[in-house]
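Input: a single structure, listed below in structure tokens.
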Amino acid sequence: MTAQIELKNVEKYYGAYHALKNIDLSIAKGQFVALVGPSGCGKSTLLRSLAGLETITSGAIHIAGERVNDLPPRKRDVAMVFQSYALYPHMNVMDNLTYSMRLKRKPRAEIEAAAKEVAETIGLSHLLDRFPRELSGGQRQRVAMGRAIIRNPKAFLFDEPLSNLDASLRVHMRKEVRALHNRLGATSVYVTHDQIEAMTMADHVVVMRDGIIEQQGAPLDLYAHPANQFVAGFIGSPAMNFVDARISESGEAARLNLPGEPLIPLNGSYPPGRSVIVGLRPEHLSVVGPDAGLALKVSMVESVGSASYISCSATPELSFVVEGTTRLRSGDSVHLAIDPDHVHVFDAKTRLAIGVVN
Ligand SMILES: Nc1ncnc2c1ncn2[C@@H]1O[C@H](COP(=O)(O)OP(=O)(O)OP(=O)(O)O)[C@@H](O)[C@H]1O
Ligand SMILES: [Mg+2]
């Protein structure tokens, strides 16, 4: 199958600043791909390069089989939806939706039919006469999406479209955007710095840092098999714990750099004596009786009702999560069992995940 969007060895410099480094990315038709990463890692630059709003320095971008490197934005047939909505304030919803069609001088009947259909799709049929200032944030965002949909583009490009909305509306709109994508059979590239948004919405997640792709894959693959410490710490909430450690002589355990130098079992065999960083997800630590597990002291308990997040004093702090509420209080002793199936091991120098050696 040919990809709907393909980037090959894409490089982008802003003057001397190297913003995108050797980007290879292939997006199939119908796929929902999320670009995530910390602020300044190059997400918007990548999206804007797809849209034609930035010129890449080298490499190639193909959209629906056509090389678009030198095509201006309007000839690429992609629609961009921004955080700022970018609606025309002096036009009502109807005119905002149909702007691109009117620009192309489409027949009036065709414009009206398309507007009606799109307004229904985005649930704004009753608000066509309103001006942007008379709409809520969620409604404005829907108009912005409607304006993209009406163009029937080859791909939708979203740049943090929901970050102006409050938390509950954001969660609601995530589902709407994803449902809309499915209904339209669209191809979408969605930029967010929120890894939960990426994990819940996308089929394929691309984790970026400093202009490079650190790892890409299905959301749960990234969660289960992070390729390096950065991805391990970025994907998953609450974040993974990291503890300095050394692989034992047998290669089948790790001695943690914590008081008492506890030895934890590993599933499989690792290079004996290697300095490593052990990664333990908070949800994979469980409380056990006083004669087993890691002995720690509780330093803080945060309950949100459905779950409790408990921090223990260690260097660095170690946290775990339990369902519902907990009797544990700050200062209590606690013993934590570690499931060897869920221990991540990273080389202390390269920070790359170390596979089991057999
Ligand atoms: N026009 C420009 N000229 C020079 N440097 C730029 C320009 N646009 C972006 N940059 C730099 O390129 C890097 C990537 O910027 P980009 O906007 O792609 O980041 P981002 O991942 O979208 O971040 P955020 O999450 O904050 O939106 C940043 O260091 C930024 O300062
Ligand atoms: Mg950005």
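The values are calculated or read from the model by the stated rules, or taken from the named source; none is laboratory data. Quantities reported herein were computed from a predicted structural model and do not represent experimental measurements. Here the Cβ positions follow ideal geometry from the backbone for every residue, glycine too, while neighbour counts run over all protein chains shown. For the accessible areas, the whole protein counts, side chains as well, though only heavy atoms, and no ligand, DNA or RNA atoms are used. Shrake-Rupley method; radii C 1.70, N 1.55, O 1.52, S 1.80 Å.
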If A115 satisfies all but one of (1) touching a Leu at 6+ places or on another chain (Cβ under 6 Å); (2) in contact (Cβ under 8 Å) with a residue 60 or more places away in the chain, what's the number of the condition it fails?
(2)
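This table checks each residue for (1) open to solvent by 20 Å² or more (accessible area, probe 1.4 Å); (2) away from ligand 2 (no atom under 16 Å from the Cβ); (3) among the aromatic types (F, W, Y); (4) modelled with pLDDT of 95 or more.
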site	(1), (2), (3), (4)
K8	yes, yes, no, yes
K21	yes, yes, no, yes
D24	yes, yes, no, yes
C41	no, no, no, yes
S44	yes, no, no, yes
I56	yes, yes, no, yes
I61	no, yes, no, yes
K75	yes, yes, no, no
Residues located in region 279-301, provided they are touching a helix residue (DSSP H, G or I) at 6+ places or on another chain (Cβ under 7 Å) and more than 9 Å from F320 (Cα to Cα):
G279
Could you list, in sequence order, all residues of region 159-194 that are within 16 Å of ligand 2 (Cβ to nearest atom), at pLDDT 90 or above and open to solvent by less than 10 Å² (accessible area, probe 1.4 Å)?
V189, Y190, V191, T192
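Test H90 against the stated conditions and say whether it is more than 15 Å from ligand 1 (Cβ to nearest atom), loosely packed, with under 15 Cβ neighbours inside 10 Å and in contact (Cβ under 8 Å) with a residue 24 or more places away in the chain.
So H90 passes the test.
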When restricted to A232, A245, A254, A292, the only residue of a type in the set (A, V, I, L, M), away from ligand 1 (no atom under 16 Å from the Cβ) and assigned to a loop (DSSP other than H, G, I, E, B) is A292
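Please verify whether K29 is of a type in the set (K, R), under 25 Å from A198 (Cβ atoms) and within 16 Å of ligand 1 (Cβ to nearest atom), treating the condition exactly as stated.
Taking the combined requirement at face value, the residue does not satisfy it.
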Being surrounded by 12 or more Cβ atoms within 10 Å (Cβ to Cβ), within 16 Å of ligand 1 (Cβ to nearest atom) and without any contact (Cβ under 8 Å) to a residue 40 or more places away in the chain is the requirement here; does G52 meet it?
yes
Filtered residue count, region 247-268, keeping only those that are out of contact with any Pro (no Cβ under 9 Å at 6 or more places or on another chain) and at negative phi
5
Restricting to region 118-157, name every residue that is without any contact (Cβ under 8 Å) to a residue 24 or more places away in the chain and within 22 Å of K29 (Cβ to Cβ).
N152
Out of region 303-317, which residues are part of a strand (DSSP E or B) and either farther than 18 Å from G236 by Cα or at pLDDT below 95 (or both)?
S303, C312, S313
How about region 259-273: which of its residues are surrounded by 16 or more Cβ atoms within 10 Å (Cβ to Cβ) and more than 32 Å from the chain's Cα centre (by Cα)?
P262
Looking at S58, S39, S26, which one is more than 18 Å from D159 (Cα to Cα), of a type in the set (S, T, N, Q) and in contact (Cβ under 8 Å) with a residue 40 or more places away in the chain?
S58
